[in-house]
Structure formats: structure tokens, C-alpha cells
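Structure first, then comments.
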Amino acid sequence: KDTSLIAKKEKRRFALLVAGITVIWLGIYSIGSERIETVQTNTKIRRAATAAISTNEYGGLYEELRKNSILERNTIKNESSQCPDIIALTYASHGGRDDRFCRSLESAIRNGVDLQVLGWGIKWEGLSQKLGAALDAVRALPSECVVLFTDAYDVLFTQSPKEMRRKFEALNKPLIFSGECGCWPQVQRDNGRTCRDKYPLSPTPFRYLNSGSWMGRAGVAAEFLARLVKDAGLGSSSAFHKLNDQELAAELYFSGEFGTDRLGLDHYATLFMPMHAVNDKTMVPNCDPRHHLTPTGNGIFINTLTKSTPAVYHFNGGGKKHHLPMEAQMWWKHCSDANTPELQAAVESTKLQFHKNRLPFAQVCPNHLQLTRLSPSKERHCYLQPSIHQGYSLSSSSLRREEE
């Protein structure tokens, strides 16, 4: 009996020992598995974040300057919707008759704007063609994404996506069109009577809608563009493409039917500055936007009338004569440290989206930098510093102080 009792006790001890060892082993395995899973999850997260950024494929100058802390990356603000600061669109079926399209592209690259060119390689039929392309583009985006749309051949970008987004948010409207002092094409109808009587009043001369540049939430922009197409009643036909897109947009604006709480004009040139001047005998007051601009250096112009620093200049109509002289004052034109061989090569290798393909700048605009560079003897060292506003010497806070 004593022997049997001792054997039972030994068996019980052995069972407890095995159970204890098993519990300890399971605990160690669980902790190890959790750590492995955490590492794998973190790796996936890092890879996903990298992929989300890499899909922008900035490359070239943008990537080079980002590595040197000269440019801030156009970071994704809302991970749930994958929206960058802005989604920049333009429409161009070809490169144009001169080099102004390439100049616009360079200004976008220099300021970190990942411009997407709609319609590249598609037969040109008329002005309203870009409305249908823009509508398709914004419909494919989350409704809260902020979209910038500009004309392609006569535009100069001077500020970063981050700064343009800040200015857009401050305007507190879901859709903003640029305001200009000319009233085209309605002024042709009745010597400007429609412009005088039907347009809402404005606190500045920039009273009239210009469709060459606008910025807004994708959802509201899609509604507005869809309404234009519906009002035209011609869908995607070639007859619709031949209509005047500015006329369609302006008449919907001054009818008030879309709602003043949802649609506004940039009367103070906060974002946009159309440069066409008026000097005639119509009922539209004469004006010259260039007279209101004072250069402060490194590509910053202050609108002395509105106390603003516009981000996008549109050299529409007679304003084209100001395009090249104003571009010559941009930081990338007169700063030698923005034109080193390495950075010029980086600009040329930067890829932008052209319809369905991402193409390097040099492929679309071969030898552009060499052909349009000012004389190196006229360049100066600008001492570009880390954390400055997209490469020029005035910081974002300085811009805000100037506007205030």
C-alpha cells in the first residue's frame, strides 16, 4: 500500500511538472508569435505607406529636393480617402505651337505640383472638351479630395500644394473659380450690359468668372461640371466640345442656381490671378491686373490692391505678354543653386501623368531647360535653406504676414 501510494504521488508530481512545462512553453510561444505578428504587421504598414507615397512617382527634382529638406512632400492628409493636399489637373492634347506649355510644366515641377495632363494625344475639337475630361476625372475621386484645375498653355505655378490647400480652406467655399476683370465672352453680346446687370457685385475689379483655373472638392466639382454638360444638352458630342466652356460656367454662376454657399469667385486673387487687361468702350470697366503686382524677390508678387500673393498666374488673352517677363523673376530662373547640373537633370527626369502614361519631362519637352535658361552670368546664389517654402526664400509664415 505504501509503495502504491508513493507511486501515485510520483505520477501526480510528474503530471503537474509536465503541465507546468506545457503552460510555460505555450506562454513563450504566444509571446513570440505576437512579436512576430507585430513585426510583420508593422512591416506591412510601412510598406503600405511607402506604396501610397510611391504611387505619386515624383522622382527627379522633387525627390532630390525632398531628400535635402528643401521641399516638403505633398503628403497624404487623409489616409482613409488617400487624398494628397491637392490633385492638380490640366488639359492638353498636344504640346502647343511654342514652349509655353513646357514652361507651365516646369513651374509645376519646381513647386512640387504633381500635375496630371488629361487628354494627351486625343484629337482637339474645342474648348469644352476639357469639361468632359475633368468631369470623368473628378467623378473617379473621393468626394472630399481637393482638386485644382488650370489651363495648360499659359499658366505659371508659384506656390506649393500645401500652401494652395491652406489658401483654399481659408476661402471657405467648396468650389472656387478665378475672378478676372474682363467679362468674356458675354461682353460681345450687348456691349457689356449682361456683364453689368447680371453678374453679382464684387468688392474688387475681379468680378467675372474665368474658367481657366478653379479649385474645389471633387464631389461638388463633379456636380457643377455635370450640370454644365446637362445644360448644354449635347453630352460628349463634338458639337458640345465646340461650345465655350467659360460661357457655360459663367452663366450658371451668375444665374445663382448652383448656390452662392457652394460656388464662389476668388475676388481677392488669393489663389488665382488672370492677367488679361480691359481697355475699351464697353460697359465693363477698364482695368490692368499687372499694375497691381509688385515683385518682392524670388518670384513673389504682391497684389497691392487685394494684399494677396497669388499662387497661380493665368496669362489669358492680352495677358500673355506678361508671361515670360514674370517667369524670368521666378527663383528657378535666377538662382544658380536651383540650376546645378544635378538639379537640371533631376527636373528632366521628373515624371508627370500624361493621359494614361507617366512620362519624364525631358521626353515631352526635350532640351527645354537648356534653351530657356537665362544667362548664368545673370544668376545669383540664393542660399536655399531647409524648411523654406518650396524652394524660395520667403517662408509660408512670411506669405501669411504679407497677405494680412
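The values are calculated or read from the model by the stated rules, or taken from the named source; none is laboratory data. Given the structure is predicted, the values throughout are model-derived calculations rather than measurements. Glycine gets a Cβ as well: all are built from the backbone with ideal geometry, and neighbour counts include every protein chain shown. These accessible areas exclude ligands, DNA and RNA; they are computed on the full protein's heavy atoms, side chains included. Shrake-Rupley method; radii C 1.70, N 1.55, O 1.52, S 1.80 Å.
In segment 185-205, what count of residues is obtained for those that are hydrophobic (A, V, I, L, M, F, W, C) and either in contact with an Asp or Glu (Cβ under 6 Å, 6 or more places away or on another chain) or surrounded by fewer than 18 Cβ atoms within 10 Å (Cβ to Cβ) (or both)?
Going through segment 185-205 one residue at a time, the tally reaches 1.
With (1) modelled with pLDDT under 95; (2) basic (Lys, Arg); (3) assigned to a helix (DSSP H, G or I) as the list, and Arg103 as the residue in question, which single condition is left unmet?
Of the numbered conditions (1) modelled with pLDDT under 95; (2) basic (Lys, Arg); (3) assigned to a helix (DSSP H, G or I), the odd one out for Arg103 is (1).
Just wondering, is there one or more residues in segment 210-231 that are surrounded by fewer than 14 Cβ atoms within 10 Å (Cβ to Cβ), modelled with pLDDT under 95 and part of a loop (DSSP other than H, G, I, E, B)?
no
What single numbered condition from (1) more than 18 Å from Gly212 (Cβ to Cβ); (2) at pLDDT 95 or above; (3) touching an Asp or Glu at 6+ places or on another chain (Cβ under 7 Å) fails to hold for Cys83?
Unmet condition: (2).
Could you tell me whether segment 326-335 includes any residue that is among the acidic types (Asp, Glu), touching a strand residue (DSSP E or B) at 6+ places or on another chain (Cβ under 8 Å) and either surrounded by 15 or more Cβ atoms within 10 Å (Cβ to Cβ) or modelled with pLDDT under 95 (or both)?
Yes.
Taking segment 307-325 as the region of interest, how many residues are in a helix (DSSP H, G or I) and surrounded by 22 or more Cβ atoms within 10 Å (Cβ to Cβ)?
1
From the list Leu371, Leu343, pick out the single residue that is assigned to a helix (DSSP H, G or I), loosely packed, with under 13 Cβ neighbours inside 10 Å and either in contact (Cβ under 8 Å) with a residue 24 or more places away in the chain or in contact with a Pro (Cβ under 7 Å, 6 or more places away or on another chain) (or both).
Leu371
Name the single residue, out of those in segment 272-283 being out of contact with any Ser or Thr (no Cβ under 7 Å at 6 or more places or on another chain) and open to solvent by less than 10 Å² (accessible area, probe 1.4 Å), that is nearest to Val187 (Cα to Cα).
Of everything passing the filter in segment 272-283, Met275 is nearest to Val187 (Cα to Cα).
Quick check on segment 152-174: of everything there that is under 14 Å from the mean Cα position of the chain (by Cα) and open to solvent by 50 Å² or more (accessible area, probe 1.4 Å), which residue is nearest to Asn303 (Cα to Cα)?
Among them, the one singled out is Arg166.
Does His291 fit the bill of being farther than 28 Å from His368 by Cα, part of a helix (DSSP H, G or I), open to solvent by 10 Å² or more (accessible area, probe 1.4 Å) and modelled with pLDDT of 95 or more?
It is true that His291 is farther than 28 Å from His368 by Cα, part of a helix (DSSP H, G or I), open to solvent by 10 Å² or more (accessible area, probe 1.4 Å) and modelled with pLDDT of 95 or more.
Tally time: how many residues in segment 120-131 are open to solvent by less than 20 Å² (accessible area, probe 1.4 Å) and either touching a Gly at 6+ places or on another chain (Cβ under 9 Å) or modelled with pLDDT of 95 or more (or both)?
Here the count works out to 1.
Go through (1) out of contact with any Gly (no Cβ under 8 Å at 6 or more places or on another chain); (2) of a type outside the set (Val, Ile, Thr); (3) at pLDDT 95 or above; (4) farther than 30 Å from Ala170 by Cβ one by one and return the number of the condition Ser377 breaks.
Single failed check for Ser377: (3).
Can you name the residue in segment 359-368 that is open to solvent by 30 Å² or more (accessible area, probe 1.4 Å) and part of a loop (DSSP other than H, G, I, E, B) and is also nearest to Trp331 (Cα to Cα) among such residues?
Per the criteria, the residue is Asn367.
Here's the yes/no breakdown for (1) assigned to a loop (DSSP other than H, G, I, E, B); (2) without any contact (Cβ under 8 Å) to a residue 60 or more places away in the chain; (3) more than 25 Å from Arg227 (Cα to Cα); (4) open to solvent by less than 50 Å² (accessible area, probe 1.4 Å):
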{"residue": "Ser143", "(1), (2), (3), (4)": "yes, no, no, no"}
{"residue": "Ile176", "(1), (2), (3), (4)": "no, no, no, yes"}
{"residue": "Gly179", "(1), (2), (3), (4)": "no, no, no, yes"}
{"residue": "Cys183", "(1), (2), (3), (4)": "yes, no, no, yes"}
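Could you tell me which numbered condition Gly112 fails, if it satisfies all but one of (1) at negative phi; (2) under 18 Å from the mean Cα position of the chain (by Cα); (3) buried (at least 23 other Cβ atoms within 10 Å of the Cβ)?
With (1) at negative phi; (2) under 18 Å from the mean Cα position of the chain (by Cα); (3) buried (at least 23 other Cβ atoms within 10 Å of the Cβ) applied to Gly112, the lone miss is (1).
Tell me which residues, restricted to segment 299-318, are over 17 Å from Glu379 (Cβ atoms), of a type in the set (Gly, Ala, Ser) and in contact (Cβ under 8 Å) with a residue 60 or more places away in the chain.
Answer for segment 299-318, where residues must be over 17 Å from Glu379 (Cβ atoms), of a type in the set (Gly, Ala, Ser) and in contact (Cβ under 8 Å) with a residue 60 or more places away in the chain: Ser308, Ala311, Gly317.
Looking only at segment 107-125, which residues are of a type in the set (D, E, K, R) and either closer than 16 Å to Pro161 by Cβ or assigned to a strand (DSSP E or B) (or both)?
Passing the criteria: Arg110, Asp114.
Have a look at Thr306, Thr294 and point out the one that is out of contact with any Lys or Arg (no Cβ under 7 Å at 6 or more places or on another chain) and over 22 Å from Ser211 (Cα atoms).
Unique residue meeting the criteria: Thr294.
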